[in-house]
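The values are calculated or read from the model by the stated rules, or taken from the named source; none is laboratory data. Bear in mind the structure is a predicted one, so any value in this text is a computation, not a measurement. Every residue, glycine as well, gets a Cβ built from its backbone with ideal geometry; the counts of neighbours run over all protein chains shown. For the accessible areas, the whole protein counts, side chains as well, though only heavy atoms, and no ligand, DNA or RNA atoms are used. Shrake-Rupley method; radii C 1.70, N 1.55, O 1.52, S 1.80 Å.
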Amino acid sequence: MDRHYAALFRFGLSLAGSADAASDLVQQTFFLWAEKGHQLRDPSKAKSWLFTTLYREYLSTYRRMTAHPQVELDDSTGELPAIEPAAFSSIDGASVVAGLQKLDDVFRVPLTLFYLQDLSYKEIADVLGTPIGTVMSRLSRGKEQLRALLSGSDAASGNVLPFDSKKGAA
Amino acid sequence: MMNEDPRLILGARRPDGSDDSDPEIAAALAAAQADPQLSEWAAKESEVDGRLSAALRSVQPPHGLRDRILTGARVSRKETGSRRGWFEQKVFGIFQRGEIAAVAAVVALLAIAVVFNRVSDVPDERPWQVFATAKAAEFESGITPLEREDTLFETTAIWMREKACPAPHTLPEGLQGLGLFGCSTMTWNGKPVGIVCFKLDAKREVHLVSINVRDIPETLSEKPVWTEVSGYTTAQWRENDTAYMLMGRVPRAELEPLLAKKTALRRSHQDRVHG
């Protein structure tokens, strides 16, 4: 549990937008693990199971509370703009979470899992139930949007306001 | 002109390099070596990803979340048939919390603390007994595996001491009749704590916790003192430089016989060796 609960909390925070809602998601995930985890035949899949379960709990519990517009996806990517690492030298966690919150779920979810670095892109595809190529293109598009958000505001210098703590619980 | 596939693939490469043995990633990295423009792009991409990743991973969970997880796991094990009601209660709780101004204020402060990463390295304010019961619940629920599986007390104690963890010098005689199945070493506010686990019967466990007396605030008696801690029946006592707590989610009447007589391990071991 110690190995995964912090990463699961961060994933839940990015999904639901509040520490309270993220904590509930993590608790529910481990609750289900205590009930069903022993049924998992391959222990190496435990990490993916936990992230998948948290994501499904989010979809079934929180996402239905808010109306999400359908987004037409264009999976083709254009040329990425030049990126300068120095622009993100003082970025903090609150800014990244706030930036992720502004992305649509289709980009936010794979991008959060990618930045947590707990899962490979193939494992992310398994968690989301999407083809690997789709994950790659959404990571590319998501990064483009996130960087534009962060570099176009005070976020890159660490001055962005924290995420809305009520989102996801309303 | 960059090749589209290598760029997409390299964009999915974790900045810590843990994907570099992946065949697709490896091929894309090889392609980058032959393409200076792609190589430069990939290096910057990885650096930016690394910074954003480090920032996201610096966000700390709220203090106390671990305990709440364990409480949920305990409910799951005890009342598997009532999962639906428990979860519904939790969801309703989300709304109810918002109605209580004082609680909401605390939650808001906690959220702010999380955002600004001020809750890391917070001392564990729980008494060592409460900490130990929380850890025992983790082991019982299977959320955290024991560090070592062993059925022999002698080798268990040696292993714990090798890890600079206080291990029982003496074993209550009643416990010697139970099936020892493992142990773990833990840290409570930087102080080592040991736990040895026994099967009381097919479904129930008891645990013997050990900690150096200098690491706890209270002075324990050599005579066991019985008290309940977080739903566990516990007996606490000291022997020389080590404090002990025997605990289990069983009535005191079932634990008491386990402490009826204490036998020095070293002596009993010598007796066995020398006939």
task = Note down the nm distance, to one decimal, between modelled labels 7 Å out along Cα→Cβ at B:R204 and at A:K102.
result = 5.8
task = Could you list, in their original order, any pairs among B:K203/B:K223; A:K47/B:K199; A:K45/A:K122; A:K47/A:K122; A:K45/B:K203; B:K135/B:K191 whose Cα atoms are separated by more than 19 Å?
result = B:K203/B:K223; A:K47/B:K199; A:K45/B:K203
query = Based on the Cβ-Cβ distance of B:K223 and A:S44, what FRET efficiency does E = 1/(1 + (r/R0)^6) give at R0 = 45 Å, to the nearest 0.05?
reply = 0.40
request  = Round to the nearest 10 and report in Å² the accessible area of A:D126, as given by a 1.4 Å probe over the protein chains' heavy atoms.
outcome  = 110
ask   = Along segment A:132-140, what does the Karplus equation 6.51 cos²θ - 1.76 cosθ + 1.60 (θ = phi - 60°) give for ³J(HN,Hα), rounded to whole Hz, x for Gly and Pro?
value = 4, x, 5, 4, 4, 5, 6, 5, 4
request  = Kindly report, to the nearest 10 Å², the accessible surface of B:R13 as traced by a 1.4 Å probe over protein heavy atoms only.
outcome  = 50
note = Under the 7 Å Cα-to-Cβ spin-label approximation, B:D215 and A:K122 lie apart by a distance in nanometres of 4.2
task = Sticking with the crude label model, points 7 Å out along Cα→Cβ, report the distance from B:V130 to B:D16 in nm, one decimal please.
result = 3.2
key: About the Cα centre, charge dipole magnitude for segment B:128-274 (Lys/Arg +1, Asp/Glu -1 at Cβ), debye   = 180
Three-way shape label, segment B:128-274, alpha-carbon gyration tensor, a/c 1.5 = rounded
Difference of contour (0.36 nm per residue) and Cα-Cα distance, B:T151 to B:F181 = 10.3 nm
message = Ranking request for peptides B:24-33, A:130-139: highest mean number of other beta-carbon atoms within 10 Å first, then the rest in descending order.
response = A:130-139, B:24-33
key: Karplus (6.51, -1.76, 1.60) ³J(HN,Hα), θ = phi - 60°, over segment B:159-175, in Hz, Gly and Pro reported as x   = 4, 5, 5, 5, 8, 6, 10, x, 10, x, 7, 10, 10, x, 4, x, 5
remark   = Partner shielding of A:14-27, as the mean number of partner chain Cβ atoms within 10 Å, equals 5
query = Does segment A:87-157 classify as rounded, prolate or oblate by the C-alpha gyration tensor (a ≥ b ≥ c root eigenvalues; a/c under 1.5 gives rounded; else a/b over b/c gives prolate, otherwise oblate)?
reply = prolate
ask   = Other chains near B:59-68: what is the mean number of their Cβ atoms within 10 Å of each residue's Cβ?
value = 6
note = Amide H contacts under 5 Å for B:R148, restricted to residues at least 5 apart in sequence or on another chain and with H modeled in the peptide plane, are B:C183
remark   = Partner shielding of A:93-101, taken as the mean number of other chain Cβ atoms within 10 Å, equals 5
message = Quick check for you: which residues of segment B:155-170 have the amide N under 20 Å from the point 7 Å beyond the Cα of B:K191 toward its beta carbon?
response = B:160-170
ask   = How big is the charge dipole of segment A:5-65 about its Cα centre, in debye rounded to the nearest 20, if each Lys and Arg gets +1 on its Cβ and each Asp and Glu gets -1 on its Cβ?
value = 240
